[in-house]
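Note sheet for the following structure.
The values are calculated or read from the model by the stated rules, or taken from the named source; none is laboratory data. From a predicted model like this one, the values you see are computed outputs, not experimental measurements. Using ideal geometry, Cβ is built from the backbone for each residue, glycine included, and neighbour counts are taken over all protein chains shown.
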Amino acid sequence: MYKLFFNLVFRRMDPERAHYLAFRWIRLAARVPVLRTFVAAVLAPRAKELRTEALGLRMHGPFGLAAGFDKNAVAVDGMAMLGFDHVEIGTVTGEPQPGNPKKRLFRLVPDRALINRMGFNNEGSAAVAERLATRHPVFKPVVGVNIGKTKVVPEEEAAADYVKSTERLARHADYLVVNVSSPNTPGLRNLQAVEHLRPLLTAVREAADRSVPERRVPLLVKIAPDLADADIDAVADLAVELGLDGIIATNTTIARDGLGLRSDAALVAETGGLSGAPVKERSLAVLRRLYARVGDDLTLVGVGGIENADDAWQRILAGATLVQGYSAFIYEGPFWMRAMHRGLAARLNDSPYATLADAVGADVRKQASA
Ligand SMILES: Cc1cc2nc3c(=O)[nH]c(=O)nc-3n(C[C@H](O)[C@H](O)[C@H](O)COP(=O)(O)O)c2cc1C
């Protein structure tokens, strides 16, 4: 049904316009009490066996909406209504910015992929903090806040920009993510190098503790799938050394591997980050490597090309406590989370594991002991 609607309506529209139209419907539905109760009852049934505890937080399940969909925290309740167990808002930058010129979002439908060069279009940390402070949540999903660097801020002053966002946003965040991996802000990914990352993460940690002294806000870092293996290990070691809470693997890729010859060559040539099915294999490999390195010392979040319950289950076995998605939601539509919850509950019930937590990293542990 949604596929037909997608092909007849959304596919004919500019992808960014389609995004905002769908977004408006979600927000509207979430505002009408009868409607939101009905939608949530149909789309977000809770499977008790999927209850998850991560980052010191209790969640209905392990599924989250990846950053970038709700950059300004305008539809947190709406996304929870559709069944997402956690919603990561952002990326929010210190200052408001318009992002890159349009067109900047492209659908590679035959490859079930997207290319985006949005460039952190967002209202800035002050406006988003104000919105989070004054919202009246109904569904109360776990809310992650993903922060990044304002484009015009030079690389040497990046830490101050992240600190500004942290001071404004940390108190509204169930967890905080330092995004150093989007390919659409020049120089941002250089911050993944340990010599830059160490002072940055230290400054953000201190700012979070200073601005929210009453609770320790969990801090994670989000990395690119394009890092070399040695750099993945270096980030993992640094995260453990600094007492970070977790790593999100991965963001979009600048590589174009994994694409079939099916998508229009002109679209494939667009600059930006590639997401969806083609990034699946690499995101999984990065996750496995991280889990082999850090085991249960960090909470790992698997994201990149997760399309169905089998993909989610595979990420959990590879070490993910939480999983997220963006591109598959565009292609699968509002029933996606319902299918994911049902499918994952079935995988768990068919497995030798009593709980999801028991299954986390099981494949990697098995391989290590073989
Ligand atoms: C249009 C678009 C915008 C995105 N914006 C952000 C962003 O602002 N911050 C971020 O950390 N990731 C962003 N991402 C990356 C996603 O959060 C996710 O890491 C990536 O798309 C891989 O997951 P997927 O294959 O399920 O889409 C964006 C992705 C897309 C498609």
Worksheet, complete the sentence: Pairing a residue in the range 32-58 that is closer than 23 Å to ASP358 by Cβ and of a type in the set (S, T, N, Q) with any residue that is at pLDDT 95 or above and in a strand (DSSP E or B), where Cβ atoms lie under 8 Å and the two sit 6 or more apart in sequence or on different chains, gives THR52/ARG58; THR52/MET59; THR52/THR321; THR52/LEU322
Worksheet item: Given (1) buried (at least 20 other Cβ atoms within 10 Å of the Cβ); (2) under 16 Å from the mean Cα position of the chain (by Cα); (3) without any contact (Cβ under 8 Å) to a residue 60 or more places away in the chain, where does ASN72 come up short, assuming only one miss?
Response: (1)
Response to the item:
Looking across the range 120-139 at residues that are surrounded by fewer than 21 Cβ atoms within 10 Å (Cβ to Cβ) and within 16 Å of the ligand (Cβ to nearest atom), the single one that is nearest to the chain's Cα centre (by Cα) is ASN121
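Scan the range 157-182 for residues that are of a type in the set (Asp, Glu), away from the ligand (no atom under 16 Å from the Cβ) and either surrounded by 24 or more Cβ atoms within 10 Å (Cβ to Cβ) or part of a helix (DSSP H, G or I) (or both) and jot them down.
GLU157, GLU167
Quick check on the range 273-292: of everything there that is under 18 Å from ALA113 (Cβ atoms) and among the hydrophobic types (A, V, I, L, M, F, W, C), which residue is nearest to the ligand (Cβ to nearest atom)?
It comes out as VAL279.
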Discussion item. I need a count of the residues in the range 140-156 that are over 30 Å from ALA29 (Cα atoms), among the charged types (D, E, K, R) and more than 16 Å from the ligand (Cβ to nearest atom).
Written reply: 2
Response to the item:
The one condition LEU284 fails out of (1) in contact with a strand residue (DSSP E or B) (Cβ under 7 Å, 6 or more places away or on another chain); (2) aliphatic (A, V, I, L, M); (3) buried (at least 20 other Cβ atoms within 10 Å of the Cβ) is (1)
Worksheet entry | Within the range 71-102, considering residues that are away from the ligand (no atom under 12 Å from the Cβ) and among the charged types (D, E, K, R), the one nearest to ASP14 (Cα to Cα) | LYS102
Practice prompt. Filter the range 316-341 for residues that are under 12 Å from ALA249 (Cα atoms) and either more than 14 Å from the chain's Cα centre (by Cα) or within 11 Å of the ligand (Cβ to nearest atom) (or both) and give the result.
Written response: ALA318, GLY319, VAL323, GLN324, GLY325
Worksheet entry | Looking only at the range 208-228, and only at residues there that are within 16 Å of the ligand (Cβ to nearest atom) and not in a loop (DSSP other than H, G, I, E, B), the one that is farthest from the chain's Cα centre (by Cα) | LEU219
Item to complete: Could you tell me whether any residue of the range 193-207 is among the small types (Gly, Ala, Ser), buried (at least 19 other Cβ atoms within 10 Å of the Cβ) and more than 22 Å from the chain's Cα centre (by Cα)?
Response: yes
